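Quick notes on the structure that follows.
The values are calculated or read from the model by the stated rules, or taken from the named source; none is laboratory data. Everything quoted here is computed from the prediction, not taken from an experiment. Here Cβ is always computed from backbone atoms with ideal geometry, including for glycine, and neighbour counts include all displayed protein chains. For accessibility, only protein heavy atoms count, side chains too; no ligands or nucleic acids. Shrake-Rupley method; radii C 1.70, N 1.55, O 1.52, S 1.80 Å.
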Amino acid sequence: MAIFPALIAALAMLVPVASACSAADRDALLSIRAALLEEHLGVFSSWTGADCCAGWYGVACDPTDGRVADLTLRGEAEDAVMAPAGRPASGVMSGYISDAVCRLDRLSSLVLADWKQISGPVPACVATSLPYLRILELPGNRLSGGIPPAVGSLSGLAVLNLADNLLSGAIPGTLTSLAALKHLDLANNRLTGRVPPDMGKLSMLSRALLGRNRLSGPVPASVASMPRLADLDLSENQLTGLIPEGLGGSGRVLTSLYLGANRLSGRIPASLLRNTGLGMLNLSRNALDGAVPDVFTPQSYFMLLDLSRNRLTGGVPRSLASAAYVGHLDLSHNRLCGTIPAGPPFDHLDAESFASNACLCGGPLGKCTACVQVSEAKDDLSRE
């Protein structure tokens, strides 16, 4: 019977045992904690004892060597610590992000999100001292200063989310070296300068959210060639020039495009409205002109189509009547003229969708006058 204890001991040697927390990593975590203040939820109350890999809230370690691999602290969460009563909590944390975070040089994920009052800069060393970083999320705080210029050296970075802060300065040109980047969110900051012209190099990128900044210059032509780009938001900036031809063209996977509240001019590319996968399109509050391309098909499915507050001329595209679905349509505050086509989707839209145009009529706007009908007839003859 003595064979069984020996066998059990031998098998135990084959089972990997989780390593205790690295002493250096524990010291770094305590320095990070010392720079932050959270008084109400007790987020750091579990950060006691020698082993930071055992029950420290938001800390996860590599079981093979005890190095800290993930630090995730979200100000809005539904777990037991943040929501002890079962209701999602919204926490507030102040202080700053200590440079000690860069001593956690095996970090794969760094998330300090939605704490509202964390201020100061993004530590520059994050871009140079964390070679394994795949996820960097610091949104919903009061971080200021610029994006670290060396961010492009984080070769494995897949998610970069610095949205809803007070960041300023230009988007670093090195950012387009992030070959693994899939999600980029820099929205609602104070960023200036141009969108990097070689954005198209980010061939893995599926979401680029840069809205609500102070960016200027053109929409880079290279974005039209990005094979995996599904969501692009450049709204509420100061962008000028034309919408790139081919954006959302054949073979692209673009599903949402927000370019509203800029200073864009020229015509709407037909490829955008012909794209059967594009379901959310907002080009409002620009200086776009010319006719709305009449290229809709039975496969067109728009949950949102907002072309309002431009300088568009011509009539309401008749092919819109063939679209599979148009949920919200806004063509108001343009220079359109003519009769609004009958039938769906026009029969469920209200007058506000067509208000403040040159001489639109029919549908929710009421009967057309003779002068409008004569104008339409002249347009038909000119097309012939």
Next on the checklist: Looking at the structure I just gave you, is residue 279 open to solvent by less than 10 Å² (accessible area, probe 1.4 Å) and in contact with a Lys or Arg (Cβ under 6 Å, 6 or more places away or on another chain)?
Outcome noted: no
Condition set under 22 Å from residue 117 (Cβ atoms) and among the hydrophobic types (A, V, I, L, M, F, W, C), scope segment 161-193, selection most open to solvent (accessible area, probe 1.4 Å): answer is 166
### Query
Does residue 296 qualify as being of a type in the set (Phe, Trp, Tyr) and either part of a loop (DSSP other than H, G, I, E, B) or at positive phi (or both)?
yes
Scanning segment 197-219 for residues that are closer than 14 Å to residue 168 by Cα, part of a loop (DSSP other than H, G, I, E, B) and either modelled with pLDDT under 95 or not hydrophobic (A, V, I, L, M, F, W, C) (or both) gives 211, 212, 213, 214
Here the qualifying pairs (Cβ atoms under 6 Å; residues six or more apart or on different chains; first in segment 226-237 and more than 13 Å from residue 195 (Cα to Cα); second open to solvent by 30 Å² or more (accessible area, probe 1.4 Å) and modelled with pLDDT under 95) come out as 230/253
Checked segment 92-110 for anything open to solvent by 40 Å² or more (accessible area, probe 1.4 Å) and farther than 21 Å from residue 75 by Cβ; matches are 99, 103, 105, 106
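Quick grid of which residues meet (1) open to solvent by 30 Å² or more (accessible area, probe 1.4 Å); (2) more than 19 Å from residue 162 (Cβ to Cβ):
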residue	(1), (2)
202	no, no
207	yes, no
213	no, no
227	yes, yes
237	no, no
252	yes, yes
261	no, yes
Residues of segment 111-137 being in a strand (DSSP E or B) and buried (at least 18 other Cβ atoms within 10 Å of the Cβ), in sequence order, are 111, 112, 113, 118, 135, 136, 137
Going through segment 21-41 in order, the residues found to be open to solvent by 30 Å² or more (accessible area, probe 1.4 Å) and either assigned to a loop (DSSP other than H, G, I, E, B) or farther than 20 Å from residue 75 by Cα (or both) are 23, 24, 26, 27, 39, 40, 41
Could you tell me whether segment 342-357 includes any residue that is outside any strand (DSSP E or B), at pLDDT below 90, farther than 20 Å from residue 272 by Cβ and under 30 Å from the mean Cα position of the chain (by Cα)? yes
Residues in segment 243-273 that are of a type in the set (Lys, Arg) and in contact with a Gly (Cβ under 7 Å, 6 or more places away or on another chain) total 1
Checked segment 309-341 for anything buried (at least 18 other Cβ atoms within 10 Å of the Cβ), in a loop (DSSP other than H, G, I, E, B) and aliphatic (A, V, I, L, M); matches are 316, 323, 331, 336, 340
